[in-house]
C-alpha cells in the first residue's frame, strides 16, 4: 500500500514514520510506497529509503495538494499544521495552511476520484483546541466545539469538512483529537504547555526545569507512543463502526501536576524532584486555566483507542522510547 | 445608520425589509441608507425607495463581497444562501456560496477595517441543520454540531468563522439558528418541510393540502414574525451579554402535527380540517425523522429572544400578517 504522511517532520509525524520502519505491517498490508511531506525536509529512516519519497511542500501553495494526491496514496495521515501560537499571531498564514491547505487536500482527493475510483482512508490530526471554556468538569463526547483560538477554529472547520466529505464517499476520514502529548521529547519547548513535559524530561537527565503553575493544575495527557497508536488504529479500524460522526476525542489521562511530580519521585527519587524550580508565571497560569482538563472519551474508548492510565506508565514509555530504558 | 440585507429577496429577507418600512426606528436609530442584495432582484417598498439601493449580486463572484462592503454598512444581515436541497445536489455551488461567499464577506469586512476603523454588527442566519441525528429528546445549548448535509456543514463552518472573527474584533457577529418557519406564506413549497405550512395555509383559504406524514410527527417551529423579531433583537442586543459563544439556537415551539391540526380546527372549524388529505410519503417520513424536534433554547431565551408558545398564536400571526385578519 501507498502511505502518505503530511507533517512528517513534526514530532508525532516522525514517531509515526519510526513506527512504520519498526513494523512495516502495522497497517495489515506491506507499505510498498511511503510519501513523507512537510514544510521542513522530513527524515527518512534507513530501512524505509527504498520505498520512500521525502518532499518539502507548502500545503497552501497553488497546486501543491494536487501534486501530492497524484500518486493516489491509499492511506493519508494529515498532521500538517501551523501551530496554535503562530496561527493566532498570523491570521493569514493560519487560515491559509490549516483551513485552505486542508480543503485543497480534500478537494484534490475529490478531483482524483472524478477521473477514476479513488476513496483513500484519511486520518486527520485534530486537537482539543476545538473546545473553549467554560467547560463542565468532565467533557462528554457530545459537547459543542466553541474554540477560542483561530487554530481551534481551523481544526473544528476541518473536522466538519472531513465529516461531510466522508459522508459523500469522497474519502474515508477520521479526525482524532489528541490530548497534550507528554513526555514530549527534545529540547524544552516554548509553547505554553511545554512545562508539563519539561518538569519530567529534564530532571530525568539531571537538568533543572521550571514549573510556572501550581501543583493543583489538572490537564489531559497521552504519551507520544499512545498518539502513534491512535493514528495506527484510526488507519485500520472498520469505519462502519464509527458512522457519520467521524471526529473523536481520544482517550487520555486526566492528572494533576502534583501527580506528575509524585510519579517522577517514584521513578527517579527526591533528587530528581528537587530539580523542579517553582517560578510562577501569571500569563501561563491564565492560558492553562482556559484549557480542558478531563474528557469522557467514551466513543473512542469503545472503538478500541487506548491511552495510558497513570503517569507512571507515561514515564515508563518515555524512559523506554527516549532514554533506552536508563535514567540518570 | 446604513443597513445591508444580503438575501433580501428571500422570504425572511422580505419580511425584514417590510418591518423596516413599517418601523424605521426598529434598530433604535433611523435607517438613512438601506442596501438590499440578493441573487434575485430585491423588491423595495415605496417608503424606503429614497434611501435604498437594490442589487442583484452573486456573493460567490470575484470581488462581489468587496463591492458590497465598500459602503461600510453599520449593520449587516446575512441571509443569503443556497438552500439545503440545492447545496446537497450541487456540491460546488453550495460550497461556493454558503462557505466561500460567506468567508469573502467576512474577509471584505476585515480588509475594510485595515484601512480605517470599521466593526459592523453582523447578524447571520444559521439553521438547525447544523445538528444531525441521533439527538437527545430535548437538545441542549451545548449539544455538538454534526450536520448530515453539506448545507448544515456550511452553516456550521460559517458559525465557527463568525465566532473567530468576532473574537478578533473584526466584526460584532451573532449567528441565529432559526426553527422551521411556519406558516410560510406564498405558494405550496416543494421543500420536504413544506407540508408543515401547507396544511394550515391552504385550508385557511379553502384549498386542499397534502399531509405526507403521520399526525404524531413532532417538529420545531416559529412564525415569520418571530423570525423577524429574532433578527431585530440580534441587531440591537448588547453583545457583551453573549460573550464568545456567538451562535444561538433560537427559541421555538415544539409541536406535533396533530397540534397544528387541532389549532386549525379551533380557528377555522372541521370544514378546514377536512381539506387536509392524508397521502403518506415514505421518503418524506424518512427525511423528517432525521430532523430535530425540540430544543432547550435557554441561552437565547435568557437573552430576550422570543417565539410563539402555541400553534394558536402561530395561526393568529399568519391570519393577521397574511390574510388581513380574515379567514375564509
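The values are calculated or read from the model by the stated rules, or taken from the named source; none is laboratory data. If you're wondering where the values come from, they're calculated on a predicted model, not measured in any experiment. All Cβ positions, even for glycine, are placed from backbone atoms using ideal geometry, and neighbour counts span all protein chains on display.
Would a scan of the range B:254-269 turn up a residue that is over 24 Å from residue B:190 (Cα atoms), out of contact with any helix residue (DSSP H, G or I) (no Cβ under 8 Å at 6 or more places or on another chain) and in a helix (DSSP H, G or I)?
Yes, because at least one residue in the range B:254-269 is over 24 Å from residue B:190 (Cα atoms), out of contact with any helix residue (DSSP H, G or I) (no Cβ under 8 Å at 6 or more places or on another chain) and in a helix (DSSP H, G or I).
Here's the yes/no breakdown for (1) assigned to a strand (DSSP E or B); (2) more than 15 Å from residue B:144 (Cα to Cα); (3) at pLDDT below 95; (4) within 16 Å of the chain's Cα centre (by Cα):
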| position | (1), (2), (3), (4) |
| --- | --- |
| A:103 | no, yes, no, no |
| A:110 | no, yes, no, no |
| A:114 | no, yes, no, no |
| A:147 | no, no, no, no |
| A:159 | no, no, no, yes |
| A:174 | yes, yes, no, yes |
| A:190 | no, yes, yes, no |
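Which of the residues spanning the range A:192-207 are at negative phi and in a loop (DSSP other than H, G, I, E, B)?
Passing the criteria: A:192, A:193, A:205, A:207.
Please go through (1) farther than 21 Å from residue A:186 by Cβ; (2) touching a residue at least 12 places away in the same chain (Cβ under 8 Å) for residue A:92 and return the number of the only condition it doesn't satisfy.
(2)
Could you please let me know if residue A:88 is surrounded by fewer than 23 Cβ atoms within 10 Å (Cβ to Cβ), out of contact with any strand residue (DSSP E or B) (no Cβ under 9 Å at 6 or more places or on another chain) and not in a loop (DSSP other than H, G, I, E, B)?
Against the criterion (surrounded by fewer than 23 Cβ atoms within 10 Å (Cβ to Cβ), out of contact with any strand residue (DSSP E or B) (no Cβ under 9 Å at 6 or more places or on another chain) and not in a loop (DSSP other than H, G, I, E, B)), residue A:88 qualifies.
Look through B:132, B:169 and report the one residue that is part of a loop (DSSP other than H, G, I, E, B), assigned by TED's automatic domain parsing to the domain that holds residue B:92, on the phi > 0 side of the Ramachandran plot and surrounded by fewer than 24 Cβ atoms within 10 Å (Cβ to Cβ).
B:169
Report whether or not residue A:122 is assigned to a strand (DSSP E or B), without any contact (Cβ under 8 Å) to a residue 60 or more places away in the chain and buried (at least 18 other Cβ atoms within 10 Å of the Cβ).
For residue A:122, the condition - assigned to a strand (DSSP E or B), without any contact (Cβ under 8 Å) to a residue 60 or more places away in the chain and buried (at least 18 other Cβ atoms within 10 Å of the Cβ) - is met.
Mind telling me which of the residues A:203, A:188, A:212 ends up being under 25 Å from residue A:282 (Cβ atoms) and free of Cβ contacts under 8 Å to residues at least 40 places away in the same chain?
Of the residues listed, the single one that is under 25 Å from residue A:282 (Cβ atoms) and free of Cβ contacts under 8 Å to residues at least 40 places away in the same chain is A:188.
Name every residue in the range B:18-36 that is out of contact with any helix residue (DSSP H, G or I) (no Cβ under 7 Å at 6 or more places or on another chain) and modelled with pLDDT of 95 or more, in order of residue number.
Residues satisfying the conditions are B:18, B:22, B:23, B:25, B:29, B:30, B:35.
Being within 14 Å of chain A (Cβ to nearest Cβ) and in contact (Cβ under 8 Å) with a residue 12 or more places away in the chain is the filter here, so list the residues in the range B:61-89 that pass it.
B:84, B:87, B:88
Given A:199, A:157, A:181, which one is surrounded by 24 or more Cβ atoms within 10 Å (Cβ to Cβ) and away from chain B (no Cβ under 14 Å)?
When all the criteria are applied, what remains is A:199.
Please work out if residue A:225 is surrounded by fewer than 22 Cβ atoms within 10 Å (Cβ to Cβ), more than 14 Å from chain B (Cβ to nearest Cβ) and in a helix (DSSP H, G or I).
Answer is yes for this residue.
So residue B:164 fits all but one of (1) farther than 18 Å from residue B:315 by Cα; (2) more than 14 Å from chain A (Cβ to nearest Cβ); what number is the exception?
Going through the list (1) farther than 18 Å from residue B:315 by Cα; (2) more than 14 Å from chain A (Cβ to nearest Cβ), residue B:164 breaks only (2).
Looking for whichever is under 25 Å from residue B:113 (Cα atoms) and within 10 Å of chain A (Cβ to nearest Cβ) here; the options are B:174, B:170. Which one fits?
From the options B:174, B:170, the qualifying one is B:170.
Can you say whether residue B:105 is in contact with a strand residue (DSSP E or B) (Cβ under 8 Å, 6 or more places away or on another chain), without any contact (Cβ under 8 Å) to a residue 60 or more places away in the chain, surrounded by 23 or more Cβ atoms within 10 Å (Cβ to Cβ) and more than 14 Å from chain A (Cβ to nearest Cβ), as far as the supplied structure shows?
no
Take the residues of the range A:127-150 that are in contact with a helix residue (DSSP H, G or I) (Cβ under 6 Å, 6 or more places away or on another chain) and within 13 Å of another protein chain (Cβ to nearest Cβ): which is nearest to residue A:180 (Cα to Cα)?
Among them, the one singled out is A:129.
Given (1) in contact with a helix residue (DSSP H, G or I) (Cβ under 7 Å, 6 or more places away or on another chain); (2) touching a residue at least 24 places away in the same chain (Cβ under 8 Å); (3) over 23 Å from residue B:248 (Cα atoms), identify the lone condition not met by residue B:287.
(1)
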